[in-house]
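Q: Supplied in structure tokens, the structure appears directly below.
Read-outs throughout are calculated quantities, based only on the coordinates presented, and are distinct from any laboratory measurement. The structure displayed is predicted, hence computed values, not measured ones. Heads up, the Cβs are rebuilt from the backbone with ideal geometry, glycines too, and the neighbour counts pull from every protein chain shown.
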Amino acid sequence: MLKGKKVVIFDMDGTLIDSVGIWNEIDIELIKQISSVKIDFNELNRIQEIRDGKLKEYSKCKDAYLEYCGYLKEKYKSNLTKQEIHDLRYKIAEDFLKYKIDYKENAENLIKKLKDDGYILAIASTTKGKNMEIYKNENKNIKNKADINQYFSLILLKEDVRELKPNPEVYLKVLDLLNVQPEECLIFEDSLIGVQAANASGIDVAVIYDKYSDGNRKEINRLCQYHFDNYIDVIKYILIQKAKEIRKGIIEAVYQAQSGHPGGSLSIADILTVLYFHEMHINPQNPKWEERDRFVLSKGHCAPALYATLANRGFFDVEDLKTFRHIDSYLQGHPDRKHIPGVDMTTGSLGQGLSAANGMAIAAKLDHKSYRVYCVLGDGEIEEGQIWEAAMTANKYHLDNLCVIVDNNQLQIDGKIEEVMSPYPVDEKFKSFGFEIIKIDGHDIQEIINAFEVARNIKGKPTCIIASTIKGKGVSFMENQVGWHGKAPNEEQYKQAMQELSK
Ligand SMILES: Cc1ncc(C[n+]2csc(CCOP(=O)(O)OP(=O)(O)O)c2C)c(N)n1
Ligand SMILES: [Mg+2]
């Protein structure tokens, strides 16, 4: 969906904000204030339908909204003139626009993610300039979540075009002003007319269904390639695509090196994707930013997963993954904090990472810093005794800023963990060491997102997320095969793996 795109364009009303719902509320408030008769509240539930019908009826008039206010005057036997009702409507609206309007749930998270990823963001809408001024400068809900002035490079409104959607003028103007081709853009829309306008401009369109456009779903589906019910589904979709890129990076690195550990790298690809592209506060331009969240890959042999994630997140060039394990490359077989931007701890000797993560979490507490520390352990790795000394320590110091993730793929270097030296029951063990336990499917992006959110809100003790995973996940012939713990694919296997991950 975003491949090859430079610019992401948003419609405003209905797409970024629930404006229809707000105008319904405004009209109900207006009627309460002007009516001199008993109000039929059942009818008010149909206010949107009534308003749309009247606006259609008055569409040839000079000001359809003024006529609609005339209709309200007659219907509710108001003493005010229709102009006074019109003015009152806007006065009520002003408060709603300032205090009630808000981004739709998670819209701001998508905006931030896209901006972080380097996309140019634009608004191309039929919203009135006067309302947009309020959203931009006075509405605190919007300002606090994602300030429009800061995130959007170009804003086109009703006054900027002669013809409204479904005429594509507003989108064509974006192409012109930003000097880009239609195939370099993606539009987020909510309505049939918006989708039609996008189609007519030759730009790909993704729809975020709005409950008010339900009647047109079939037609919208026919006209556009990508459909979502809400913003979290868009975010999930983007994360799933990212995880595929990261898996491809893992295969590329291990293939080019003809050595390394693909199995355990593929099993943590989804977890690292959510951490680096959704959960953690980091800055690829400033890898040593003091306030950043920290990450320790205690099972350091899965460096290909960490490198592919850091590269895709912008810490270094994705092309460099091809130098993995090569002589003179900075990307050696195990993570090295001295030489690789974004690596917080040197690891590879199993069992030690949690102790280092404890140190970072204790340092944050001593320095009164709010950063969090994430530590990924292998399920074979937790057979090491030092892990349990560290678990005891995390509990003693109430490290609620520490989140441990056990990659429970059930295999280690040469067999099933329960046959080599069973650490089960892993949940009961960490629980008895004072941890809060969260169990998830480590390949379900939504469950991973939720688990980190829950962990962030647990106070007074550390959290352990036990992620049920599949070693080799994503490459059919590697899945659940202990033989792919530390082996590189040959050319044929490499091609097949890349093909499977490109689907
Ligand atoms: C202290 C130490 N002992 C042995 C090894 C060799 N080794 C590398 S990976 C591995 C198995 C790890 O299994 P697990 O933690 O389950 O990793 P995953 O399945 O995620 O690859 C072993 C024994 C090592 N790196 N460090
Ligand atoms: Mg394992």
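Q: Quote the relative contact order of the chain in percent (integer), defining contacts as alpha-carbon pairs under 8 Å separated by 6+ residues. Let's see the in-between values first.
A: Numbers: 917 pairs, mean separation 62.5, N = 503.
The normalised contact order for the chain reaches 12 percent.
Q: Let me ask something else. What is the helix-to-structure angle for 491-501, meaning the angle in degrees between its Cα long axis and the longest Cα principal axis of the chain, kept from 0 to 90 and rounded to the nearest 10?
A: Relative to the chain, helix 491-501 is tipped by roughly 30 degrees.
Q: Enumerate the calculated ³J(HN,Hα) couplings along segment 470-486 in order (Karplus 6.51 cos²θ - 1.76 cosθ + 1.60, θ = phi - 60°), each rounded to whole Hz, writing x wherever the residue is Gly or Pro.
A: 10, 5, x, 3, x, 10, 3, 7, 9, 4, 6, 9, 4, x, 8, 4, x
Q: If one takes the longest principal axis of the Cα atoms in the chain, at what angle in degrees, from 0 to 90 and to the nearest 10, does the Cα axis of helix 107-116 lie?
A: Approximately 60 degrees, to the nearest ten.
Q: Considering the dipole of segment 161-305 built from charges on the beta carbon (Lys and Arg +1, Asp and Glu -1) around the Cα centre, which of ILE187, ALA253, ASN283 is farthest to its positive end?
A: Positive-end residue among those listed: ALA253.
Q: Short version: what are the Cα gyration tensor semi-axes of segment 213-295, square root of 5 times each eigenvalue, largest first, in whole Å? Before the final figure, lay out each step's value.
A: Details: eigenvalues 222, 83, 20 Å².
Value: 33, 20, 10 Å, ordered largest first.
Q: According to the square roots a ≥ b ≥ c of the eigenvalues of the Cα gyration tensor, what is the shape class of the chain, taking rounded for a/c under 1.5, prolate for a/b larger than b/c otherwise, and oblate for the remainder? Mind dumping the intermediate values first?
A: Details: a/c = 2.66, a/b = 1.99, b/c = 1.34.
Prolate is the answer for the chain, as a/c is 1.5 or above and a/b outweighs b/c.
Q: In terms of the Cα gyration tensor, with a ≥ b ≥ c the square roots of its eigenvalues, is segment 293-425 rounded because a/c is under 1.5, prolate because a/b exceeds b/c, or oblate? Don't skip to the answer; put the middle values down first.
A: Numbers: a/c = 2.30, a/b = 1.15, b/c = 2.00.
Oblate is the answer for segment 293-425, as a/c is 1.5 or above yet b/c matches or exceeds a/b.
Q: Relative to the longest principal axis of the C-alpha atoms of the chain, give the angle of the C-alpha long axis of helix 231-257, reported between 0 and 90° and rounded to the nearest 10°.
A: 30
Q: So which of LYS100/LYS369; LYS3/LYS112; LYS104/LYS244 end up more than 25 Å apart by C-alpha?
A: LYS100/LYS369; LYS104/LYS244
Q: Follow-up question, since we're still on this one. Among 46-57, 275-286, what's the highest-first ranking by average C-beta atoms within 10 angstrom per residue?
A: Per-residue Cβ counts within 10 Å, averaged per peptide and sorted highest first, yield 275-286, 46-57.
Q: What ranking do 197-203, 344-350 get when scored by the average of other Cβ atoms within 10 Å per residue, highest first?
A: 197-203, 344-350
Q: Does segment 19-100 classify as rounded, prolate or oblate by the C-alpha gyration tensor (a ≥ b ≥ c root eigenvalues; a/c under 1.5 gives rounded; else a/b over b/c gives prolate, otherwise oblate)?
A: Details: a/c = 1.19, a/b = 1.07, b/c = 1.11.
Because its axes are fairly even, with a/c under 1.5, segment 19-100 counts as rounded.
Q: For ALA206, what residues show an amide H to amide H distance below 5 Å, using hydrogens built from the backbone and excluding near sequence neighbours?
A: ILE187, PHE188, GLU189
Q: Which value in deg cm²/dmol, rounded to the nearest 500, describes the helix-derived mean residue ellipticity at 222 nm for the chain, given -39,500 (n - 2.57) per DSSP H run of n ≥ 4 and division by the residue count?
A: Helix contribution divided over all residues of the chain: -13000 deg cm²/dmol.
Q: When DSSP beta bridges are limited to those with both residues in the chain, what percentage is antiparallel, rounded to the nearest 5?
A: Taking every DSSP beta bridge with both residues in the chain, the antiparallel ones total about 5 percent.
Q: Near the amide H of GLU436, under 5 Å away, which other amide H atoms are found, from residues 5 or more places off or on another chain, if H is placed in the peptide plane?
A: THR463, CYS464
Q: How large is ³J(HN,Hα) for each residue in segment 272-282, as worked out from phi by the Karplus curve 6.51 cos²θ - 1.76 cosθ + 1.60 (θ = phi - 60°), to whole Hz, x for Gly and Pro?
A: So the J values, rounded to whole Hz, are 5, 4, 5, 4, 7, 10, 9, 8, 7, 8, 9.
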